[in-house]
Amino acid sequence: MSIRKALYLFILLLLFFLGSFYFIPFYYVQTKKIDFSIIVLNSIANKVTKTATTQEEKAISIYNYIRKHIHKPGYSEIYYSNILGQSCKYLIARRAYCDNQCNELLEIAYYANMYGRLVFLFGQESESKHTVCELKVNNKFVLLDPYYGIIVRNHENKLIGLKEITINQSIFLNSIFPKTFTQKKYMQLFGLKFPYKIIKNNQPHKTKEEISLISIYKYWYAIFGETHRKHLFAYYYKVNRVNKEDQRRINLLFQ
């Protein structure tokens, strides 16, 4: 076989493989063999961390995403939808208190391959007064508080976590405190009388099939990107007859 024919054959096989691979997530959607929240969260994680070159940049990107897309509840009625189950409930609602903001942050971090944990703060009282989360950055846990918009850094401007904050009562270089909630009040949440408690991590048990689907979709998104992600979502809406408001809110997650 000549080199030219071999090259043509290689190109044909490559196109056949890519074409077949392209339709895999569409097949899963059609046959309903995948929890679509996996695709949504995977897509968000990929899009949000695309330009991040370090673990710290990835963590800050996810934190900023939650700050942008989920705000504190106001007085108006909150729109709740179960279209994507519990995993994306508060992303779609766009309103949540500290615990659910942190839960959504940890969900996205999981799909960005970042280990994290949910933490209750008690301070001077036996009942939890606030919820924060930590992500593992360069083998060290660092604090992220999307609800109050607080990232904690030490005098060397390095991100630090609950352990260091509790021991050193560290400063908050990256924080702006409202008049009604001063830095002094915030620091009281880290008191030693009732130490913080790690409630859960973001590495839930997943079946081999789910892990395989997550891996496949990561490669799919890396190859075909945002444009084709939109085509896949449109197909999901059609197959599942998703109402217009749920469609709009899911699409908002990518703006």
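Derivation of every value follows stated rules applied to the coordinates shown; laboratory data play no part. Just so we're clear, the structure is a prediction, and the values are computed from it rather than from any experiment. When we count neighbours, we look across all protein chains shown, and the Cβ atoms used for this are built from the backbone with ideal geometry, even at glycine.
Observations, loosely collected:
- In a DSSP loop and with at most 15 other Cβ atoms within 10 Å, the trypsin sites (Lys or Arg not before Pro) in segment 216-255 are ARG241.
- Here is the list for segment 70-107: GluC sites (Glu not before Pro) lying in DSSP coil, each with at most 11 other C-beta atoms within 10 angstrom of its C-beta, are GLU77.
- Relative contact order (%) - the chain, alpha-carbon pairs under 8 angstrom, separation at least six: 20
- With 0.36 nm allotted per residue and the present C-alpha distance subtracted, the GLN203-ASN243 stretch has 11.2 nm of extension available.
- Aspartates and glutamates whose Cα lies under 18 Å from that of LYS47, excluding same-chain neighbours fewer than 8 positions away: GLU56, GLU57, GLU104, GLU107, GLU226
- ILE198 sits among other residues whose Cβ lies under 12 Å from its own Cβ, and their net charge, with Lys and Arg +1 and Asp and Glu -1, is +3.
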